[in-house]
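Down below is the structure, laid out as structure tokens.
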Amino acid sequence: MKGEILVIGEHRDGIVDNITWELISKGRFLADQWGTHLAVLAVGSELDQLVDSLASSGVDLVLPVQHTLLEKYHAELYTTAIAQVCEQLDPGLVLMGYTYLGMEVGPALAVRLGGTMVSNCSELEAEGDHLVAVRSVFGGTLQIKVRLKGEQPHLLSIVKGVLPRDNVEGRIAAVKRPAVDLDQSSLRSRILDMLTIDTGGIDITKAKILVSAGRGIGGPDKIPMLRELADALGGELACSRPVADMGWLPVAHQVGISASTVTPCVYIACGISGASQHVTAMRDSGRIIAINKDPNAPIFRVAHYGIIGDVLEVVPALIEEAKG
Ligand code: FAD
């Protein structure tokens with residue numbers, strides 16, 4: 001690996017997103033191993049508040065990419081701005097989250113820079129001078145190991161919550177404000193509005209017990225049964241993405257990389273297969289109980305207790321037991 005390591009930072013409402021701290025921890029480790037530097041960039045219009053916290057996070061260099069046109073997220077403008085910074089810095093490795101930004105900007109950035117992109121990674125290790133990443137394929141049913149070779153920069157997007165966030169403070173970084181040249185007239189898309197999702201007061205991230213519905217429950221008419229279990233246990237309802245997509249439950253209940261990360265004391269996964277996009281966001285729960293009729297369902301790999309059976313039989317039995 002030649003060149004510096006660059007982390008693409010993410011933030012919202014003046015707060016650095018957790019994925020950025022996770023990437024910085026890993027980036028610091030790799031930079032020390034390879035004897036190189038670690039930089040982090042943040043894109044926006046008002047970044048002063050962020051610069052201080054990023055400068056004491058263990059990186060060597062902070063790059064606030066500030067421009068009035070970067071006030072709100074816009075994929076084309078963000079890609080252009082980040083590409084211009086990369087052209088100035090010439091990093092060997094660019095780390096970003098497998099977030100909406102990483103999914104949208106990452107591949108476009110790889111094309112602009114002529115680099116190699118590996119997305120949806122869950123592990124990242126140095127093997128000598130090479131980087132080896134583990135990524136999910138086929139909806140999380142298979143994991144493959146990829147060794148990166150060829151044209152640098154190598155760009156990787158990493159799933160939120162899978163990298164440990166070590167405390168790597170203890171050095172104060174230099175701050176360099178790169179100039180970027182942005183032009184609105186060439187844009188092919190325009191942001192009309194930012195819509196905030198109405199959660200109806202539901203915050204599944206605060207629940208101690210979650211009863212979570214997957215596609216395997218069979219239909220929206222089974223939601224009341226799960227609600228009865230959640231109520232009997234003093235918990236809340238959660239769900240996988242298909243359940244929210246199909247409108248069986250509002251999206252405020254969704255667990256996963258596209259929604260909330262949860263760490264309740266107890267997580268009861270009912271008819272959930274265990275795709276990486278779901279598991280990543282609930283694997284740190286205190287106790288995971290999985291109910292699935294397929295003994296090979298990936299959810300059993302993270303479950304502390306597994307019940308191989310039909311949710312329509314197991315859940316009524318649990319309700320009866322819970323109501324005592
Ligand atoms: P399925 O994968 O269809 O699994 C249903 C399970 O139910 C199966 O294991 C089956 O054996 C079992 N089953 C069926 N009938 C019964 C029964 N009667 N009793 C017991 N078990 C039964 N997913 C998320 O959840 N959250 C996200 O945020 C998310 N974000 C994503 C982002 C991207 C970019 C992509 C590509 C995917 C994302 N996904 C997300 C989708 C994810 O890959 C899976 O498709 C999804 O998690 C599967 O949901 P599921 O487990 O409910 O359904």
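Key figures for this structure:
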read-out	value
Pair list, Cβ < 6 Å and 6+ apart or interchain, from the range 230-243 residues that are among the hydroxyl-bearing types (Ser, Thr, Tyr) to residues that are at pLDDT below 95	Ser240/His278
Options Gly92, Gly150, Gly114: the member that is surrounded by 17 or more Cβ atoms within 10 Å (Cβ to Cβ) and in the same structural domain as Trp34 (by TED's automatic domain parsing)	Gly92
Residues of the range 265-285 classified as over 20 Å from the mean Cα position of the chain (by Cα) and more than 9 Å from the ligand (Cβ to nearest atom), total	3
One residue from Ile158, Ile191 being surrounded by 13 or more Cβ atoms within 10 Å (Cβ to Cβ) and not hydroxyl-bearing (Ser, Thr, Tyr)	Ile158
Residue in the range 272-280 that is out of contact with any Asp or Glu (no Cβ under 8 Å at 6 or more places or on another chain), outside the structural domain of Arg165 (by TED's automatic domain parsing), within 20 Å of Ile197 (Cβ to Cβ) and assigned to a helix (DSSP H, G or I) present	yes
Of all residues in the range 288-315 being in a helix (DSSP H, G or I) and at pLDDT 95 or above, the one that is surrounded by the fewest Cβ atoms within 10 Å (Cβ to Cβ)	Glu313
Members of the range 194-221 that are in a helix (DSSP H, G or I) and buried (at least 22 other Cβ atoms within 10 Å of the Cβ)	Ile204, Gly216, Ile217
Identity of the residue in the range 136-157, within 20 Å of Arg241 (Cα to Cα) and either part of a helix (DSSP H, G or I) or free of Cβ contacts under 8 Å to residues at least 60 places away in the same chain (or both), that ends up farthest from the ligand (Cβ to nearest atom)	Leu142
Residue selected from the range 230-247 under the condition of a type in the set (A, V, I, L, M, F, W, C) and within 18 Å of Gly201 (Cα to Cα), by the criterion farthest from the ligand (Cβ to nearest atom)	Ala230
Subset of the range 222-258 [among the aliphatic types (A, V, I, L, M) and assigned to a loop (DSSP other than H, G, I, E, B)]	Met246, Leu249, Ile257
Complete set of residues in the range 28-55 that are under 17 Å from Glu125 (Cβ atoms) and among the acidic types (Asp, Glu)	Asp32
Qualifying residue in the range 101-111 (condition: in a loop (DSSP other than H, G, I, E, B) and either loosely packed, with under 10 Cβ neighbours inside 10 Å or in contact (Cβ under 8 Å) with a residue 40 or more places away in the chain (or both))	no
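Yes/no matrix, rows are residues, columns are (1) within 22 Å of the chain's Cα centre (by Cα); (2) outside the structural domain of Val180 (by TED's automatic domain parsing); (3) part of a loop (DSSP other than H, G, I, E, B):
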residue	(1), (2), (3)
Ile19	yes, no, no
Leu23	yes, no, no
Leu30	yes, no, no
Leu41	yes, no, no
Gln49	no, no, no
Ser57	yes, no, yes
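Conditions tested, residue by residue: (1) in contact with a Phe, Trp or Tyr (Cβ under 8 Å, 6 or more places away or on another chain); (2) not polar (S, T, N, Q).
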position: Gly216; (1), (2): no, yes
position: Pro242; (1), (2): no, yes
position: Ile257; (1), (2): yes, yes
position: Pro264; (1), (2): no, yes
position: Ser285; (1), (2): yes, no
position: Ile291; (1), (2): no, yes
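The values are calculated or read from the model by the stated rules, or taken from the named source; none is laboratory data. Here the structure is a predicted model, which is why all the values come from computation and not from measurement. Glycine also receives a Cβ, built like all others from the backbone with ideal geometry; neighbour counts cover every protein chain displayed.
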